[in-house]
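Take a look at the structure below.
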Amino acid sequence: MKKEPGRPTQLITKKFGKELHLNFMKYRASIIAKYIKKEDANAIWFSLEELENYIHYIKTQGEKTGYNVNGIRFYFGVYPEEKKYAEKAGLMTLFLTATGKKIRINTISSNDVQTFALVREEENADISTIEPMNYGSIGRPPALLY
């Protein structure tokens, strides 16, 4: 039998989620729309398969490159106004990047016996050697109401 996962501590109510989204629409989206003269994306969707694959990928790449991957940071971005981005050109996006700590192995010699010590650096730093993930779906039309 599969063990049921623990309840995440960061859960919020649907009502609070709606409040957060309405605040975004009122205090950010309207200002952005006036400035860029079009409706911008206000939600980004990734499939569970895409997210699970990215998590597996960053853990594997982290191990290969000497990092202890401990999270994912979400960044806001804007696609360039270029034809190759089609309907996403000039619109907001969300991209993900792996975070973690570099693990160095130092060799320490004492009485001709070599021992190894793990030295961990900078917790929760972006890992620049692992590619970020982008290209979630912004949907059409861009504005979704939560």
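The values are calculated or read from the model by the stated rules, or taken from the named source; none is laboratory data. Here the structure is a predicted model, which means the values were calculated and not measured. Glycine gets a Cβ as well: all are built from the backbone with ideal geometry, and neighbour counts include every protein chain shown. Surface areas here come from the heavy atoms of the whole protein model, side chains and all, with no ligands, DNA or RNA. Shrake-Rupley method; radii C 1.70, N 1.55, O 1.52, S 1.80 Å.
Of the residues making up the stretch 19-31, one or more are surrounded by 15 or more Cβ atoms within 10 Å (Cβ to Cβ) and either touching a Cys at 6+ places or on another chain (Cβ under 7 Å) or not hydrophobic (A, V, I, L, M, F, W, C) (or both). Scanning the stretch 32-47 for residues that are surrounded by fewer than 10 Cβ atoms within 10 Å (Cβ to Cβ) and of a type outside the set (Lys, Arg) returns a single hit, Tyr35.
Restricted to the stretch 48-90, and to residues there that are touching a residue at least 12 places away in the same chain (Cβ under 8 Å), more than 15 Å from Ile130 (Cβ to Cβ) and of a type in the set (D, E, K, R), the residue that is surrounded by the fewest Cβ atoms within 10 Å (Cβ to Cβ) is Glu87.
Scanning for something in a strand (DSSP E or B), modelled with pLDDT of 95 or more, open to solvent by less than 60 Å² (accessible area, probe 1.4 Å) and closer than 30 Å to Ile31 by Cβ, does the stretch 97-110 turn up at least one residue? Scanning the stretch 97-110, I find at least one residue that is in a strand (DSSP E or B), modelled with pLDDT of 95 or more, open to solvent by less than 60 Å² (accessible area, probe 1.4 Å) and closer than 30 Å to Ile31 by Cβ, so the answer is yes. Is it the case that some residue within the stretch 133-141 is over 30 Å from Lys18 (Cβ atoms) and modelled with pLDDT of 55 or more? No, there is no match, as no residue in the stretch 133-141 is over 30 Å from Lys18 (Cβ atoms) and modelled with pLDDT of 55 or more. Residues in the stretch 10-55 that are under 22 Å from the mean Cα position of the chain (by Cα) and among the small types (Gly, Ala, Ser): Gly17, Ala29, Ala41, Ala43, Ser47.
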